[in-house]
Amino acid sequence: MIKRGETTYELDPRKLDVTSSLEVVVKRAGAALEEKYPGWWWCINPDETAGVVYIYALRLSGEWGYTIKIADMQERPRRLAIAAGGEILERYNIRRGKYKWSLLKGKMVDLRGNYIPDITDRLSKEQKKVRDTELTKAVKEGKAAFAHEDSVQEDGTVFRKIAIRIGEDDGNSAS
C-alpha cells in the first residue's frame, strides 16, 4: 500500500474488494500498461459501485488520470488500458514509452508535487493566449498581483525575484 497526498493505493490485488472477474481485468490492464509503458508506476483503481476503472500514472499524479467503464474494460482490457496510458502521457506532453527521469525535467508541479497536465483540447499557442487573457483579467479585477525585487550580486549580475499573489487581498498582506 502507498499513500500519495490524501489518497491511499492498494498494491496487492488480492486485497481489493472486487469480484474475481474484475480482478482479472485489472491484472490484465496493469500488465499491459507496464509492458507497453514501463516504469510509470501505473495504478488501476476499480470502483464497482460507480461502474468504472480509474487509471493513474503515479509518477505524474495520483489526482489526474483516466476513467473507463467496467463494461468496456471487460471486453478489451489490454487495448483500452494501453490507449488510456498513452493518453495520460500525452496530456503531460510526454512521448508514449518507457519512463525516464529526463522526460520530467522542467515540467511544472503543483504544491502537492503532482505534475500539471494539459486538460484542454487546444493547441499550446491557444492555451498560452487563454492563460494570458485570464491572468490579465484577474490583475484588472484585483484577484492577482505581481511584485518584484531586484538586487545586484557581487559579480555585478542582477537578480530579480518575482512573486505573484492570486486570490482576494485580505488587507493583511505586505506589499
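Observations, loosely collected:
- Listed residues Ile166, Ala144, Thr133: farthest to the positive end of the dipole of segment 124-166 (Cβ charges): Thr133
- For the set Lys105/Lys128; Lys107/Lys161; Lys100/Lys128, the pairs lying more than 22 angstrom apart at their alpha carbons are Lys100/Lys128.
- Residue exposure proxy: Val109, Val53, ordered by other Cβ atoms within 10 angstrom of their Cβ from fewest to most, comes out as Val109, Val53.
Taken together, the values in this text are just the output of simple stated rules run on the coordinates, not laboratory data. Treat the numbers as computed from the prediction; the structure is a model and nothing was measured. Here the Cβ is made from the backbone with ideal geometry for all residues, glycine too, and neighbour counts use every protein chain on show.
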